[in-house]
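Trainee: To start, I am sharing the structure in question, which I have written as structure tokens.
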Amino acid sequence: MARRLALATLTVAAAIFVGLGLLEGLTRLLFPAFDPSGRFEFRYPAGSLTLGQPGTHTRQAKNTGDYDVAVRINRHGLRDDKDIAEATAGDLVVVGDSFAWGWGVEAPDRFSERLQVLTGRRAYNLATPTDLAGYAALLDYAQSLGARIGQVVLAVCLENDLGPYDGGEERTEDRTQGPGWKQWLTERSATYLLLTTVIHQTPRLKALAVGVGAIVPNLEGMARNVYDPAVIDASADMLQALATRYRLLVLLIPSRALWIGDSRATEDRIHQALVAALIGRGVAVLDLRPPLEAGGTPLVYHFANDGHWNARGHRLAAEAIAMCLADGICLHNAGTPTGSTTR
């Protein structure tokens, strides 16, 4: 009896395995857009950094339908059609995480590319998902390739860039993936991608998935900070250290938790404290909070189902940076005007 039960279990398991394999194969054949092998991933190690695979052309898509964009990676693992090794002191270098990288937008729509058009200066994009320590490593990486670094625009995301920075290595930022099993399926299964896309884009199915906890709404899953003066000081100290090495403009990307949720007062306190800490250290700061809030609807600059900026958000950022660099006076600037500082 036990032997027959075991045999029956194995037969059912084998049938399920073969069935899933056939389903996966048919999905890739009939719906090639959902083949995960053609989707972008950060997998190329460059020292302590993780960049894109050099020389690849893939796509980045979200199952909610917010975006489906082309991603071209150059020979250095960067998303830029220019070679950072050719950067000169008269060029702009944009450093940051996935916001600066251009998550979810076409490369020409990123604020780095728009900034190049607005200023008439070459703007290199030196970004990958990481944190403040990683930004320093990115600049070191560029210099190791032969780049001469002039004006640096360093984008700091207040949702997840602040930290104790006690000498440990930079972390790999990942606020776009869910639990490990979801990430595993996303990277390997076309059937999973097709199924989740159908669920996300069918209101009744999405509501059911949210109800049972299978989907966490975008704004409910965003990171929230805890006010800690030591963390603010450590983050400001790291940025000050970079400002002694480069002609630096810190671009503050506000947390969405400033505008929604039950931690708005805390996020406001953190935001203001960081601005004050940077000004007190003589670091040039461009705070994007005022222009984002000017129209009364700051969240319209983000994707509906993703925390990153849409093309409209990148355009606003580029215009603010260009104005700052042209005037030499930013929204908050406690030192030599950014546009004329030399080092």
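The values are calculated or read from the model by the stated rules, or taken from the named source; none is laboratory data. The structure displayed is predicted, hence computed values, not measured ones. Note: ideal-geometry Cβ built from the backbone for every residue, glycine included; neighbour counts use all protein chains shown. These accessible areas exclude ligands, DNA and RNA; they are computed on the full protein's heavy atoms, side chains included. Shrake-Rupley method; radii C 1.70, N 1.55, O 1.52, S 1.80 Å.
Trainee: Which of the strands (runs of 3 or more DSSP E) found entirely inside region 70-157 contain at least 2 residues meeting this: closer than 26 Å to Gly38 by Cα?
Mentor: On the way: elements: 92-96, 123-127, 151-157.
Correct list: 123-127.
Trainee: Kindly list, by first and then second residue, each pair from a residue in region 132-153 that is on the phi > 0 side of the Ramachandran plot to a residue that is modelled with pLDDT of 95 or more, limited to pairs with Cβ atoms under 9 Å and residues at least 6 apart or on different chains.
Mentor: Every condition considered, the pairs that remain are Gly146/Ile84; Gly146/Ala85; Gly146/Glu86; Gly146/Ala87.
Trainee: Same structure, new question: Looking at Ser235, Ser263, Ser255, which one is within 19 Å of the chain's Cα centre (by Cα) and over 25 Å from Arg315 (Cβ atoms)?
Mentor: Details: Ser263 fails: within 19 Å of the chain's Cα centre (by Cα); Ser255 fails: over 25 Å from Arg315 (Cβ atoms).
The conditions single out Ser235.
Trainee: Let me ask something else. Please work out if Thr128 is in contact with a Lys or Arg (Cβ under 9 Å, 6 or more places away or on another chain), more than 26 Å from Arg289 (Cα to Cα) and either in contact (Cβ under 8 Å) with a residue 12 or more places away in the chain or among the polar types (S, T, N, Q) (or both). Spell out the reasoning first.
Mentor: On the way: in contact with a Lys or Arg (Cβ under 9 Å, 6 or more places away or on another chain): yes; more than 26 Å from Arg289 (Cα to Cα): no; either in contact (Cβ under 8 Å) with a residue 12 or more places away in the chain or among the polar types (S, T, N, Q) (or both): yes.
Judged against the criteria, Thr128 is not a match.
Trainee: List the residue pairs whose Cβ atoms are under 7 Å apart, where the first residue sits in region 260-273 and is under 9 Å from Tyr227 (Cα atoms), the second is open to solvent by 30 Å² or more (accessible area, probe 1.4 Å), and the two are 6 or more positions apart or on different chains.
Mentor: Pairs that qualify, where the first residue is under 9 Å from Tyr227 (Cα atoms) and the partner is open to solvent by 30 Å² or more (accessible area, probe 1.4 Å), are Thr266/Asn225; Thr266/Tyr227; Glu267/Asn225; Arg269/Tyr227; Ile270/Asn225; Ile270/Tyr227.
Trainee: Another question, if that's okay. Can you tell me which residue within region 97-138, out of those that are among the acidic types (Asp, Glu) and open to solvent by less than 10 Å² (accessible area, probe 1.4 Å), is farthest from Asp66 (Cα to Cα)? Full working, then the answer.
Mentor: To start, the set of residues in region 97-138 that are among the acidic types (Asp, Glu) comprises 97, 106, 109, 113, 131.
Now restrict to residues that are open to solvent by less than 10 Å² (accessible area, probe 1.4 Å): 97, 131.
Details: Asp97: 19, Asp131: 25 Å.
Checked region 97-138; the qualifying residue farthest from Asp66 (Cα to Cα) is Asp131.
Trainee: Anything in region 58-69 that is touching a residue at least 60 places away in the same chain (Cβ under 8 Å) and either part of a strand (DSSP E or B) or open to solvent by less than 30 Å² (accessible area, probe 1.4 Å) (or both)? List them, or say none.
Mentor: Thr64, Tyr67
Trainee: Suppose the filter is touching a Gly at 6+ places or on another chain (Cβ under 7 Å) and either touching a residue at least 40 places away in the same chain (Cβ under 8 Å) or aromatic (Phe, Trp, Tyr) (or both); does Arg75 pass it? Please lay out each step first, then the result.
Mentor: Values: touching a Gly at 6+ places or on another chain (Cβ under 7 Å): yes; either touching a residue at least 40 places away in the same chain (Cβ under 8 Å) or aromatic (Phe, Trp, Tyr) (or both): no.
So Arg75 does not fit the description; no.
Trainee: Just name the residue that is modelled with the lowest pLDDT out of those in region 198-229 that are surrounded by 13 or more Cβ atoms within 10 Å (Cβ to Cβ) and more than 27 Å from Ser255 (Cα to Cα).
Mentor: My answer is Leu205.
Each row is one residue, and each column tells you yes or no for (1) modelled with pLDDT under 95; (2) surrounded by fewer than 17 Cβ atoms within 10 Å (Cβ to Cβ); (3) of a type outside the set (Ser, Thr, Tyr); (4) farther than 26 Å from Ala318 by Cβ.
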residue	(1), (2), (3), (4)
Val18	yes, yes, yes, yes
Gly25	yes, yes, yes, yes
Phe34	yes, no, yes, yes
Gly52	no, no, yes, no
His76	no, no, yes, no
Asp81	no, yes, yes, no
Val95	no, no, yes, no
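Trainee: Next question. Take the residues in region 159-185 that are buried (at least 16 other Cβ atoms within 10 Å of the Cβ) and among the polar types (S, T, N, Q), then tell me which one is modelled with the highest pLDDT.
Mentor: Taking the candidates together, the pick is Asn160.
Trainee: Just give me the residues in region 40-52 being more than 16 Å from the chain's Cα centre (by Cα), assigned to a strand (DSSP E or B) and touching a residue at least 12 places away in the same chain (Cβ under 8 Å), in sequence order.
Mentor: Within region 40-52, the first condition is being more than 16 Å from the chain's Cα centre (by Cα), and the residues that meet it are 44-48.
Those still in the list that are assigned to a strand (DSSP E or B) too: 44-46.
Tyr44, Ala46, listed by residue number.
Trainee: While we're here: Tally time: how many residues in region 278-310 are assigned to a loop (DSSP other than H, G, I, E, B), surrounded by fewer than 22 Cβ atoms within 10 Å (Cβ to Cβ) and either in contact (Cβ under 8 Å) with a residue 40 or more places away in the chain or aromatic (Phe, Trp, Tyr) (or both)?
Mentor: 7
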